[in-house]
1. Would you confirm whether or not the range 362-372 contains a residue that is within 33 Å of the chain's Cα centre (by Cα) and within 23 Å of R468 (Cβ to Cβ)?
2. Taking the range 228-250 only, how many residues are within 17 Å of the chain's Cα centre (by Cα) and open to solvent by less than 10 Å² (accessible area, probe 1.4 Å)?
3. In the range 149-169, what residues are under 21 Å from L94 (Cα atoms) and open to solvent by less than 10 Å² (accessible area, probe 1.4 Å)?
4. Starting from the range 142-156, take each residue that is in contact (Cβ under 8 Å) with a residue 12 or more places away in the chain and under 14 Å from V242 (Cα atoms) and list its partners that are among the basic types (K, R) and assigned to a strand (DSSP E or B), counting only C-beta distances under 8 angstrom and pairs at least six apart or across chains.
5. Suppose we filter A297, A347, A359 for residues that are more than 30 Å from T581 (Cα to Cα) and touching a His at 6+ places or on another chain (Cβ under 8 Å); which single one remains?
6. Mind checking which residues of the range 218-265 are over 18 Å from E189 (Cβ atoms) and part of a strand (DSSP E or B)?
7. For the range 504-518, enumerate the residues that are within 17 Å of F282 (Cα to Cα) and touching a Lys or Arg at 6+ places or on another chain (Cβ under 6 Å).
8. Just to be sure I understand the filter: pairs with C-beta atoms under 7 Å, separated by 6 or more residues or on different chains, first member in the range 525-543 and among the polar types (S, T, N, Q), second member outside any loop (DSSP other than H, G, I, E, B) and open to solvent by less than 10 Å² (accessible area, probe 1.4 Å). Which pairs pass?
Amino acid sequence: MPQSFVRLDGADCSFLLDCRGPGIPLLLYWGAALPANIDPSVLATATRSGLRQNATLDQPPPLSLLPEGGLGFFGAPGLEGHRGQGDWATAFVLQGIEADERQLHLQLADPVAGLRLDLEIKLHEVSGVISRRVTLTNEGTGAYSLNWLAAAAFVLPDNADEAMLLHGAWSAEFTTRRVALGAGQITQENRRGRTSHTDFPGCVIGRHGFDDMHGIVYGFHLAWSGNHRLVIDQQADAGRQVQLGELLLPGEIVLSAGESYQSPWLHAAWSPSGLNDLSQRFHGFLRDVVLPPSVAARPRPVHYNSWEAIYFDHSEEKLFALVEQAAALGVERFVLDDGWFPGRTSAEAGLGDWQVDPAKYPEGLDPLIAKVKSLDMEFGLWVEPEMINPNSDLHRSHPDWVLHLPERDRPTGRHQLVLDLTRQAVADHIFTWLDQLLSDHDIAYLKWDHNRDLAPAGDGEGRPAARRQTLAFYALLDRLRAAHPTVEIESCASGGGRADYGVLRRTERIWTSDNNDALARQTIQRGASLFFPPEILGAHVGPAASHTAGRRFSIDFRAGTALFGHFGLEFDLAELSADETASLKNWIATYKRFRPLLHGGRLYRLPFMSSKGQAWLSVAPDRSAALAALVCVDPPLPPRPSPLSLPGLDPEADYRVTLLPPLAERLADHLANLDAWLGGKIVLSGRLLAAGGMTFGLPRPQSIALLHLEKV
């Protein structure tokens, strides 16, 4: 007989299940760590109201780990499917539990429907993140059509009545939107075939008014790079639940007898103290469990990317000059972007013909790579392996190799179609040229792009292929990494269109957005940081006049914005003045100096100057040091300082606070006590710093100041 209650503990939280059955277990408790001697049966009694309602069933089914429809639960079901016109209602029975201190395997079966469920649950010790997924197996005699299977469902308290969703668009990714929750359902769906710019597969739910430092909050993220669905549902007689899972196209999953479907992993975290602590849990989990070891193995190198400097206009003379200028600034990795292969003078031709263009590079890429290496930089290269232009030799030879539907139009996006990776010949072809490219050249890094949505996501025989395309993409990455384990890969998809924990199991970096406008990036990077730590968020210093928005910003504001990310440059370096060159060198040196702190610390997003700015703070794990970036977007009139709270420090220790040059000198006319800020004369306790015992202000819009805090 399965045990009555099962409990997982890790970090400072507990996860308690009621398995008295006979059906799918119930989530009895998820939150702050429970006492070791608590009686779960008493807790179960205390948390069940026992109120009966008229006009409903005598014994309505409770919200379980995977709600079942058809037998009395009227909310959003976690499973929807059928066998012909039958077996659409299920009643799973718990068969067995395999458990240890921090993971569970629940085995359930419905012999009437001929289905088996396997629920996996892990609680990660350090971060407290819960990971869940489910596998459905057809044990019946006929085919079972699966329409929806949530990776997990989580029951939430009624006072968790506000959701933060992440929406956006190209150049405006990770835009947060708050939604009041009440009776009924909120559904967010992505059908674009990649993670998407528009609907991130995750959310945060908490009590109305939660912020970065306050409120019990729950965070959820589906580790999947394809179609997905998020459901927040509340019924008057059932309570509130949240579900995330893969969105399946019609007919995409039909299980023959003995076949199984396994969902992506859903990762969830709880925090008692707002969004910062929640993010720190996700960041720690990503660093410790998800990311390839290469990210932590060495510092994240300063990038130079050629795109916004030259676009498709490649010339060896210009590139050699850029290489020398980048090296002189302190760049550590030079990335050649789009335009290096035949016919690529615009986005209209060439994709699929992955040879080096002899017109642009008569001796191939080797002279450029040798130049880069001679100046102690790595060489990286842009590729877009999953795409093809109709105007390419590959498409003329294999027009059937693209995702399409018979006798239907083949709409292009950015003048390109999508190669059908579900065809083994196509996957083999892509791997072969990538393998040859990396074998023949000293390439340390691939910027892997994906510049359009999947439409139609069909395999040429009329069958839906979105899921299989995503799995084939993962398999291709896995195969390439096995063949070239030292090559790092960036996940780019017209910016942040493929950013999730699924792709990050196989890549070292996300290109956060194509938008290098520093003011827009402050918002984009703030939203992205809810789930992603700074070291994997590509953040570049763009041109003085942004190529997306046209706004102009100082070199300090552009570089300061990129500092709390994976720092890079992306503009024509010949445009720099002597003063800007000196300033940029200083910023790069600052990034290198504080790189371990920025990429290994606990990140805080903080208010600054009321609603006129924001602050970023990274605190060392041992609390010995911290770095704060104070950002003024639009100063109040007249300009005035505001209290500044810097949390996360040792309350019993004193910290020396120093304003870092060269920004400090530029505030000389506005800070009466500049010498104290520069000379390390300001020493305050961690307790006082957390309580807002320091005031600071910036007088000009779009300006940044850096504060370094060292434990005395």
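The values are calculated or read from the model by the stated rules, or taken from the named source; none is laboratory data. Just so we're clear, the structure is a prediction, and the values are computed from it rather than from any experiment. Virtual Cβ from ideal backbone geometry, glycine too; neighbours counted across all protein chains shown. Surface accessibility is based on the protein's heavy atoms, side chains included, excluding ligands, DNA and RNA. Shrake-Rupley method; radii C 1.70, N 1.55, O 1.52, S 1.80 Å.
1. No: zero hits.
2. Count: 5.
3. L149, A150, A151, A152, A153, F154
4. Close Cβ pairs satisfying both conditions: A151/R132; A151/R133; A152/R132; A152/R133; V155/R240; L156/R240.
5. Testing whether each residue is more than 30 Å from T581 (Cα to Cα) and touching a His at 6+ places or on another chain (Cβ under 8 Å) leaves just A347.
6. Within the range 218-265, Y218, G219, Q234, Q235, G239, R240, V254, L255, S260, Y261, Q262 meet the criteria.
7. None - no residue of the range 504-518 is within 17 Å of F282 (Cα to Cα) and touching a Lys or Arg at 6+ places or on another chain (Cβ under 6 Å), so the list stays empty.
8. Q525/L537; Q525/A539; S529/S279; S529/L603; S529/R605
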